[in-house]
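I have placed the structure first, in the form of structure tokens, so that the comments after it can refer back to it.
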Amino acid sequence: MNISESYIQEIVEKVVKGVKTENAIVNGRQLKGVFPTMGEALVAVDKAYKEFKAYSVAQREKMISKIREYTLAEAENMAVLGVKETKMGRVSDKIIKHQLVANKTPGTEDLKPSVMTGDDGMTLVEMAPYGVIGSITPSTNPSETVICNAMGMIAGGNAVVFNPHPNACDTANYAVDLVNRAVLEAGGPENLVVSVVKPTRESSNEMMASPIVRMLVATGGPGVVKALLSSGKKAIGAGAGNPPVIVDDTADVKKAGADIVKGASFDNNLPCIAEKECFVFNNVADKLIASMLENGAYLVKGADIDKIVKVALIEKDGKYSINKDFVGRDASKFLKEIGIDADPRLIICETDFNHPFVQEELMMPILPIVRVNNIDEAIDLAVKAEHGNRHTAHIHSKNIDHLTRFARAVETTIFVKNAPSYAGIGAGGEGYTTFTIAGPTGEGLTAAHSFTRSRRCVMVDGLHIV
Ligand code: NAD
């Protein structure tokens, strides 16, 4: 039988369209930029980037403004979708996270050219796009990371292909669609950010290996950062943390208790920056715990702690790993499992340093509290509990030596003094926000400048005016 090329093409198009229509619909919306295969996504984003190169910085900024506007308008939709899909976190807190992304992610103003002039003329250094960036995003902040990355990467003049976490892909892809709708309304090209309907390890590998992708960014645990750094491409890795918080006896202990509950319970402790274990001076420990209880915490003791361990962690051969079914769940769910009917923001318990609640990055609204005798012991244990991630650490103290000594010893990317953890990403603290904190590769709090290449242009004997 003779079948013409055009007929085959027509059938392929119909099938592809059918698959797309069937799968890339979230909340009743056909998602723009979300493709059935990574191959198609890559072809589309490559085309978009070639068109995007002709756009001015002012046009980029117009697109960023629209993304801000759409994100604010849809913050609640995305928060609800995220909790529904992942079963993790709190809707009210996820709304705040989207508002933070919309309001405090830098745009093109973050790109700062520099110039050197002198007897030999003028040299200009500008921040140029990489091209198409491949980004891998986590389940803990699915839409927030997509939007935050997209804003910074587009501000830097790039296009983006996402391979979102498979357990959060509807939410992440909803954000991909939002970015595309905003870009199109601002007069930008189609498919400036793309993704796949069902991301897998294979689609991730295809993305990493594609010659279309010039730079890689991963936000997630140690596995993905390692995979990325073995890719042979320029890579930004934003990895795991296990942030300790120290409270000494010079602190405003009442405020410290309130701040720690706010930070550690925010979005059920999903943020990588959230307080995950507390080291408190013995002489103020009771006061701190009392303040935490006044501010929405629930104290569990003795055998109840062991029961919660069995809910939150899986033990095998003396080693613990987190029970993924309980990551980011409400505190009431843990308490219900052990027969307690209460709905606090945070569960607190006193443990020793070696307890798995201190050692594991739980990402659950459970905060272990370890009593210490002095600052030497506090710093020593806090640095050990951070496991060398050099991610984030916190302290409540008015003693300048304590503040300085801990910061120097722990060497984290973010160090917050006398505030809830989220002040470190610009919520109630100075500075811009990001949802990709690159400790392992050193970019720190990523923004548009992190997604650019520095290029130098030299003019000899001219253009300088002095
Ligand atoms: P995760 O590591 O399970 O997944 C992150 C992403 O990486 C997902 O898209 C996943 O599919 C992919 N992935 C995982 N292993 C991979 C591999 N070997 N090769 C390729 N892709 C791989 O993380 P999660 O549970 O979604 O998020 C929680 C973790 O991420 C925590 O450890 C948290 O501290 C960290 N995190 C860090 C930051 C940061 O800015 N540093 C931000 C958010 C979350």
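Condition check: modelled with pLDDT of 95 or more, over 30 Å from the mean Cα position of the chain (by Cα), buried (at least 21 other Cβ atoms within 10 Å of the Cβ) and assigned by TED's automatic domain parsing to the domain that holds residue 360. Does residue 281 satisfy that?
yes
Taking the condition of being assigned by TED's automatic domain parsing to the domain that holds residue 111 and in a loop (DSSP other than H, G, I, E, B), how many residues in the stretch 448-466 meet it?
Total meeting the criteria: 0.
Are there any pairs, at least 6 apart or on different chains, whose C-beta atoms fall under 6 Å, with the first in the stretch 327-341 and open to solvent by 30 Å² or more (accessible area, probe 1.4 Å) and the second within 16 Å of the ligand (Cβ to nearest atom), and if so, which?
Here the result reads none, with nothing in the stretch 327-341 linked to a residue that is within 16 Å of the ligand (Cβ to nearest atom).
What is the residue count in the stretch 402-429 for residues that are farther than 23 Å from residue 99 by Cα and open to solvent by less than 20 Å² (accessible area, probe 1.4 Å)?
Of the residues in the stretch 402-429, 2 are farther than 23 Å from residue 99 by Cα and open to solvent by less than 20 Å² (accessible area, probe 1.4 Å).
Do you know which of the residues in the stretch 236-270 that are aliphatic (A, V, I, L, M) and open to solvent by 10 Å² or more (accessible area, probe 1.4 Å) is farthest from the ligand (Cβ to nearest atom)?
Going through the qualifying residues, I end up with 251.
Could you tell me whether any residue of the stretch 221-231 is open to solvent by 10 Å² or more (accessible area, probe 1.4 Å), in a loop (DSSP other than H, G, I, E, B) and more than 8 Å from the ligand (Cβ to nearest atom)?
Yes, that holds for at least one residue.
With open to solvent by 10 Å² or more (accessible area, probe 1.4 Å), modelled with pLDDT of 95 or more and not hydrophobic (A, V, I, L, M, F, W, C) as the only criterion, which of 158, 103 stands out?
Of 158, 103, the one residue that is open to solvent by 10 Å² or more (accessible area, probe 1.4 Å), modelled with pLDDT of 95 or more and not hydrophobic (A, V, I, L, M, F, W, C) is 103.
For residue 350, only one of the following conditions fails: (1) within 24 Å of residue 323 (Cα to Cα); (2) surrounded by 15 or more Cβ atoms within 10 Å (Cβ to Cβ); (3) under 28 Å from the mean Cα position of the chain (by Cα). What is its number?
Failing condition for residue 350: (3).
Please find, within the stretch 360-390, the residue that is farthest from the ligand (Cβ to nearest atom) out of those that are β-branched (Val, Ile, Thr) and assigned to a helix (DSSP H, G or I).
375
Which of the residues spanning the stretch 427-466 are hydrophobic (A, V, I, L, M, F, W, C) and either within 13 Å of the ligand (Cβ to nearest atom) or modelled with pLDDT under 95 (or both)?
435, 437, 438, 445, 447, 463, 465, 466 - these are the residues of the stretch 427-466 that are hydrophobic (A, V, I, L, M, F, W, C) and either within 13 Å of the ligand (Cβ to nearest atom) or modelled with pLDDT under 95 (or both).
Provide a single number: the residues in the stretch 130-147 that are under 27 Å from residue 50 (Cα atoms) and open to solvent by 10 Å² or more (accessible area, probe 1.4 Å).
2
Given the options 62, 66, 50, name the one that is over 30 Å from residue 364 (Cβ atoms), among the charged types (D, E, K, R) and without any contact (Cβ under 8 Å) to a residue 12 or more places away in the chain.
50
Just one of (1) in contact with a strand residue (DSSP E or B) (Cβ under 8 Å, 6 or more places away or on another chain); (2) open to solvent by 50 Å² or more (accessible area, probe 1.4 Å); (3) in contact (Cβ under 8 Å) with a residue 40 or more places away in the chain trips up residue 167, so point out which.
Going through (1) in contact with a strand residue (DSSP E or B) (Cβ under 8 Å, 6 or more places away or on another chain); (2) open to solvent by 50 Å² or more (accessible area, probe 1.4 Å); (3) in contact (Cβ under 8 Å) with a residue 40 or more places away in the chain one by one, residue 167 breaks only (1).
Of the residues 183, 161, 179, 132, which is in contact (Cβ under 8 Å) with a residue 40 or more places away in the chain, β-branched (Val, Ile, Thr) and within 16 Å of the ligand (Cβ to nearest atom)?
161
What residue, among those in the stretch 194-220 that are over 18 Å from the mean Cα position of the chain (by Cα) and under 23 Å from residue 76 (Cα atoms), is surrounded by the fewest Cβ atoms within 10 Å (Cβ to Cβ)?
Looking at the filtered set, the residue picked out is 197.
Return yes when residue 332 is at pLDDT 95 or above, under 19 Å from residue 83 (Cβ atoms) and small (Gly, Ala, Ser) and no when it is not.
In short, yes.
The values are calculated or read from the model by the stated rules, or taken from the named source; none is laboratory data. Note that the structure is predicted; figures quoted are calculated from it, not measured. No Cβ is skipped: glycine too gets one built from the backbone with ideal geometry, and neighbour counts run over all protein chains shown. The accessibility values were calculated without ligands, DNA or RNA, using every heavy atom of the protein model including side chains. Shrake-Rupley method; radii C 1.70, N 1.55, O 1.52, S 1.80 Å.
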